[in-house]
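Peer 1: The structure follows.
Read the figures in this text as sums done on the coordinates, not as results from a lab. These numbers come from a predicted model, not from an experiment. Here the Cβ is made from the backbone with ideal geometry for all residues, glycine too, and neighbour counts use every protein chain on show.
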Amino acid sequence: MANVFGTTVKRREDPRLITGNGQYADDVQLQGMLYASILRSPHAHAKIVSIDTAKAKQSPGVVAVFTGQDLLGKVGLIPTAWLPPESDIKTTAHHALAVDKVRYVGDGVAMVVAESRYAARDAVDLIEVKYEVLPAVVDQEAAMQAQAPVLHDDAPGNVAFHWQAGNAADEVFEQAEVVVRQRFRQQRLIPNAMEPRSAVGQYNAGTGELTMWLTSQNPHIHRFLLSGILGMAEHKIRVLSVDVGGGFGSKIACYPDEVLVGYAAKTLGRPVKWTEDRRENFLITTHGRDMTLDVEFAGKKDGTFTAIRVKNVANMGAYLSTAAPGVPTILFGLIVPGAYKIPYAGVDVYGVFTNTTPTDAYRGAGRPEATYLLERMVDLFAREIGMDPVEARKKNLIQNHEFPYNTAMGLEYDSGNYELALGKALDMVGYDQLREEQAKLRSQGRLLGIGVTTYVEICGLGPSQVAGAVGFQGGLWESATVRVHPTGKVTVFTGASPHGQGEETTFAQIVAERLGVAVDDIEVVHGDTDRIAMGWGTYGSRTTPVGGNAIAIAVDKVIEKAKKIAAHMLEVAEEDVEFQDGSFQVKGAPSRKASIQEVTLQAYLAWNLPAGVEPALEGTAFYDPANFVYPFGTHICVVEIDKDTGETKILRYVAVDDCGRVINPMIAEGQVHGGIVQGIGQALWEGAVYDDQGQLVTGTFMDYAMPKARFFNNFETAFTETPAPRNPLGVKGIGETGTIASTPTVVNAVIDALSPYQIKDLDMPMTPERVWQAIHKGRDAQ
Amino acid sequence: MSEKQQIRITVNGIEKQLEVEPRLLLVHALRDELGLTGTHIGCDTSQCGACTVLLGGEAVKSCTVLAVQADGMGVTTVEGLGQMGNLHPVQEGFWEKHGLQCGYCTPGVMMTAVGLLQQNPNPTEEEIREGLEGVICRCTGYQNIVRAVQYAADRMNSANSEAEVAASGSGDQK
């Protein structure tokens, strides 16, 4: 009960998941259910001349075929819900099915609804479409060229938006002692949550209610958007996302297929299921990253950093996905100065349309890209002035006593002890000895590399006022209801929507600790718009700092009310009652007490309540955070590169993270592990590749290198705990830190290993071939 | 599409008769025809292993097996591995060691682990990592999956040695 916060508790979601009793969207089986399959454009850019669905309609088992023309006036446009201010953003029309033109391979052209999965899929092949193929452009800088094909008539030059921020002026760089410049390619990544996206719709013509089972990270946002797109009252739509098999940002967006399923279910009067296959997932579920970054970094010869500025040309794909414009702008730009005292910083961001899959948030969303370029620049700068990269970091880290710290990008970092985390990581890895060992091995011709990252992250999205100021078309507070049942058991309803992060457990721990009831007596409910008042979902590492604190406040409301009842029961004044370990007791006479369960029963019986107190016992909170939260830490990686093959072997990986107070160390560590692997995936193996015609070359797990178990040794992880000062629980987020820190850490190690060849930078992923080529070029140059 | 065929599959110990198209994948037969939705589909190219089941006692990817190929054979899915109160050591390991996050790949990874431990009851960490070549997990970073399999191996080995001790009749003699 008490002291359960901060301890490892086995996950409460696991029993159903390890016995095959989870409820993922595709698991839903309904009487009379139909299956949908979508014909997708094989061309990256083409005019639709004609669509002939006659044969498909006659195919066995087919119930209906819809094209874009059929939906005009019936299904609204797919919206973009993040509109960065003063960016001249062009939210061009995005139809659920293409009407006159397709703009990327995978763009939906027609949907078949049939009696079985196989019948639907068969009929898709019978739809005949005549296309007039147009030239395509896949690279964002090429798309900005004057002669480039234009995707949307209302976005000339393919520029979707242009956003600038910061205070870095030319003079700062002109007058700097040292300026380092570097271009980075943040390659495109494919999120690849293991569960493909799925939607099931069921319409009740009698009540006019539409129930949708969706693979969503934010069911209430989905309901809100579906309401507008389908022209249905919000309260007549119920969205359920009970178990969701990972998201990593790719299940935030409102997708055309989800809308189509809702429309088909309503129109046909029968339940409809659609589930993408993995090939579709590669083609149509949002991608991440894909930015071209030109960076200037200025400093003094003594190692002091003075300025950083970045031009970011971001590839948005063919349409602006739901949250996409916020990623390369707000989420990227504001964190560019990182954990350092850099007085001048600036970003200049272009979002560009190309004939590729739309991009959107992917684990870290903007912050990994910013952290990558910063941590790479720090290494390049340190190398330029001949300083150890750790020394350079130490010299510039924001100091413990300087918090709250106001950055050049206008953020107020809440708290931190950056040097503590750095020191701990250096101790764990044995940094000084490692450098000696590296020198020794280098003299033997072996390529050992050490990479360090000292990061800070902005997360816990976020204060709603700020959300509005930065153009997010929603609030970012969170709701919680804590309902104590007559027997003292507790149900918690959260508007956050975890999908693997373990909050059914950690949220129960929050309540157990605060209310003094057993974890086993608490159930956490999420992912159901009918049971939960409102919620903004799970992304941006907001679930615990925002949703968790909402729960803490709701518990406090329960206690506040229960205290009044307890005082009445104990026949003392309320001021004379204190609450401890699940029990209300009279101050100075602790034997006179009533347990929370006893008080709850009285609250429900309501035979003898104090005047003015309503029966029953529950608390609801709508918590809007006062600030973001800023987790931080140091990651260190040791690699060895095989010169003959170019292969990078990760010898050690040390992660020290600080996410404020840790609720469940096992779960926090698990989040770090997963994040590290995803970030290393970007550093070494992963990358989406399009050919010039806009065909996705890396369209299956055979062509896109996903990290596997055998690529790694065990990671060494630890936490420092610097409580977050601006929220009741003192917590920060931990879901994205691994991904944010590990990519530059590994790349810094690889480049460090290659420094004998005068190699300063390489594009990711640093595959054996790329590294081998670089070694050989370096050798030739020597 | 061709004519449907009658097949018999013993699923989790219970014989089932099905009429299926010859092209029907085993995983679709399990999920859509038999309602055993614990087995998941993560890809179409046999890379991810989310659909792994035991077929004739061997771990196979059920997205790459036709239901008709399983005719006359026994299939074990996650639903047949163990229930709450009587979990298989591999399930226990995944729960104890936080071997799952979103849980989607988990049934397939657990069935793969069962197959792995059948072949090699005492795997080293490296052998476990090699043995997981056929599965992809996007959440855990694999470290706790490895721990889960190690836990299961220990449990199964100590259960076996206890059984041996009991069988040799010297269990309580000391």
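Peer 1: Looking only at Cα atoms, what is the convex hull volume of the stretch B:89-165 per residue, in Å³?
Peer 2: For the stretch B:89-165, the hull spanned by Cα atoms encloses 74 Å³ per residue.
Peer 1: Between A:GLU436 and A:ARG121, what is the spin-label point distance in nm, taking each point 7 Å from the Cα along the Cα→C-beta axis?
Peer 2: 6.1 nm
Peer 1: What are the ³J(HN,Hα) values, in whole Hz, obtained from phi via the Karplus relation 6.51 cos²θ - 1.76 cosθ + 1.60 with θ = phi - 60°, for each residue of the stretch A:351-366 in sequence order, with x given for Gly and Pro?
Peer 2: Taking θ as phi minus 60°, the curve returns x, 10, 7, 9, 7, 9, 4, x, 9, 7, 4, 9, 2, x, 6, x Hz for the stretch A:351-366.
Peer 1: Which value, in debye to the nearest 20, describes the size of the charge dipole of the stretch A:314-376 about its Cα centre when Lys and Arg Cβ atoms bear +1, Asp and Glu Cβ atoms bear -1, and nothing else is charged?
Peer 2: 160 debye
Peer 1: Rule-of-thumb check for the protein assembly as shown: C-alpha Rg over 2.2 N^0.38 Å?
Peer 2: 0.95
Peer 1: Return the long-range amide H neighbours of B:MET73 (sequence gap of 5 or more, or a different chain), with a cut-off of under 5 Å between placed amide H atoms.
Peer 2: Amide H neighbours of B:MET73: B:THR10.
Peer 1: For chain A, what's the relative contact order in percent, using C-alpha pairs closer than 8 Å and at least 6 residues apart?
Peer 2: After rounding, I find 15 percent.
Peer 1: Using the Cα centre of the protein assembly as shown as origin and beta-carbon charges of +1 (Lys, Arg) and -1 (Asp, Glu), tell me which of A:HIS526, A:PHE184, A:PRO368 is placed farthest towards the positive end of the dipole.
Peer 2: A:HIS526
Peer 1: Can you pull out the trypsin sites (Lys or Arg not before Pro) in the stretch A:546-624 whose DSSP state is coil and whose Cβ has at most 16 other Cβ atoms within 10 Å?
Peer 2: For trypsin sites (Lys or Arg not before Pro) across the stretch A:546-624 that sit outside H, G, I, E and B with at most 16 neighbouring Cβ atoms in 10 Å, the list reads A:LYS587.
Peer 1: Using all Cα-Cα distances in the stretch A:119-202, what percent lands in each 10 angstrom bin from 0 up to the longest?
Peer 2: 10, 19, 27, 27, 9, 6, 3
Peer 1: Within 10 Å of each Cβ in peptide A:27-38, how many partner chain Cβ atoms are there on average? Round it to a whole number, please.
Peer 2: The shielding value for this peptide is 1.
Peer 1: For the residue pair A:ALA205 and A:ASP388, what label-to-label distance in nm results when each label sits 7 Å from Cα along the Cα-to-beta-carbon direction?
Peer 2: 7.7 nm
Peer 1: Taking every residue in B:125-137, how many Cβ atoms of other protein chains lie within 10 Å of its Cβ, on average?
Peer 2: Per-residue shielding by partner chains comes out at 4.
Peer 1: Enumerate the calculated ³J(HN,Hα) couplings along the stretch A:150-166 in order (Karplus 6.51 cos²θ - 1.76 cosθ + 1.60, θ = phi - 60°), each rounded to whole Hz, writing x wherever the residue is Gly or Pro.
Peer 2: For the stretch A:150-166, the Karplus-derived couplings read 9, 6, 10, 4, 8, 10, x, x, 6, 7, 7, 6, 9, 10, 10, 7, x Hz, x marking Gly and Pro.
Peer 1: Collect residues whose amide H, placed 1.01 Å from N in the peptide plane, falls under 5 Å from the amide H of A:TYR131; neighbours closer than 5 in sequence don't count.
Peer 2: Under 5 Å from the amide H of A:TYR131 lie the amide H atoms of A:VAL49, each far enough along the sequence or on another chain.
Peer 1: Which one of A:LEU334, A:ALA169, B:LEU66 has its Cα pushed farthest toward the positive end of the charge dipole of the protein assembly as shown, where Lys and Arg give +1 and Asp and Glu give -1 at the Cβ?
Peer 2: B:LEU66
Peer 1: Also: How large is the charge dipole for chain A, taken about the Cα centre, if only the Cβ atoms of Lys, Arg (+1) and Asp, Glu (-1) carry charge, to the nearest 20 debye?
Peer 2: Value, rounded to 20: 740 debye.
Peer 1: What does the extension gain come out to for A:ASP302 and A:ASN406, with contour length at 0.36 nm per residue minus their alpha carbon separation?
Peer 2: Working it through step by step, the gained length comes to 35.1 nm.
Peer 1: Any idea what the dipole of the stretch B:89-165 comes to, in debye rounded to 20, about its Cα centre with Lys/Arg Cβ at +1 and Asp/Glu Cβ at -1?
Peer 2: 340 debye
Peer 1: Can you tell me which of B:CYS48, B:CYS102, B:CYS137 moves the most in a GNM of chain B? Springs connect C-alpha atoms under 10 Å apart.
Peer 2: Result: B:CYS102 has the largest fluctuation of those listed.
Peer 1: To continue, here is another question. Please list, in order along the stretch A:4-18, the HN-Hα scalar couplings obtained from phi with the Karplus expression 6.51 cos²θ - 1.76 cosθ + 1.60 (θ = phi - 60°), rounded to whole Hz, x for Gly and Pro.
Peer 2: Coupling constants for the stretch A:4-18: 8, 6, x, 10, 6, 10, 4, 6, 7, 7, 5, x, 6, 7, 8 Hz.
Peer 1: Any idea what Rg and Dmax come out to for chain B if you just take the C-alpha atoms, in Å?
Peer 2: 17.5, 68
Peer 1: Projecting each Cα onto the charge dipole of chain A (Lys/Arg +1, Asp/Glu -1 at the beta carbon, about the Cα centre), which of A:ALA508, A:SER415, A:ILE385 comes out farthest on the positive side?
Peer 2: A:ALA508
Peer 1: Considering only DSSP states other than H, G, I, E and B, which GluC sites (Glu not before Pro) in the stretch B:1-107 qualify as loop sites with at most 12 other Cβ atoms within 10 Å?
Peer 2: B:GLU3
Peer 1: In addition: Subtract the Cα-Cα distance of A:ALA518 and A:GLN23 from 0.36 nm times their separation in residues, and report this length gain in nm to one decimal.
Peer 2: 175.6 nm
Peer 1: What is the mean number of Cβ atoms from other protein chains located within 10 Å of the Cβ atom of each residue in peptide A:700-707, rounded to a whole number?
Peer 2: Mean inter-chain Cβ contacts per residue within 10 Å come to 4.
Peer 1: For chain A, return all DSSP H helices satisfying: extent of Cα atoms along own axis at least 15 Å; mean Kyte-Doolittle hydropathy at least 0.0.
Peer 2: Helices meeting the criterion: A:219-230, A:256-268, A:418-429, A:549-570, A:665-680, A:737-753.
Peer 1: Provide the FRET efficiency to the nearest 0.05 for the A:THR8-A:LYS130 pair, computing r from the beta carbons and using R0 = 51 Å.
Peer 2: Taking R0 as 51 Å, the efficiency between A:THR8 and A:LYS130 is 0.25.
Peer 1: Sticking with this one: Quick one: which residues, 5 or more positions from A:LEU30 or on another chain, have an amide H under 5 Å from its amide H? H modelled 1.01 Å from N in the peptide plane, none for Pro or chain starts.
Peer 2: Here the answer is none, since no amide H 5 or more places off falls under 5 Å of that of A:LEU30.
Peer 1: Excluding same-chain residues fewer than 8 positions from A:LYS587, which lysines have a Cα within less than 20 Å of its Cα?
Peer 2: A:LYS561, A:LYS563, A:LYS564
Peer 1: Something else now. Given R₀ = 51 Å, what would the calculated FRET efficiency be for A:ARG770 paired with A:ASP52, taking r from the Cβ atoms and rounding to 0.05?
Peer 2: Approximately 0.65, to the nearest 0.05.
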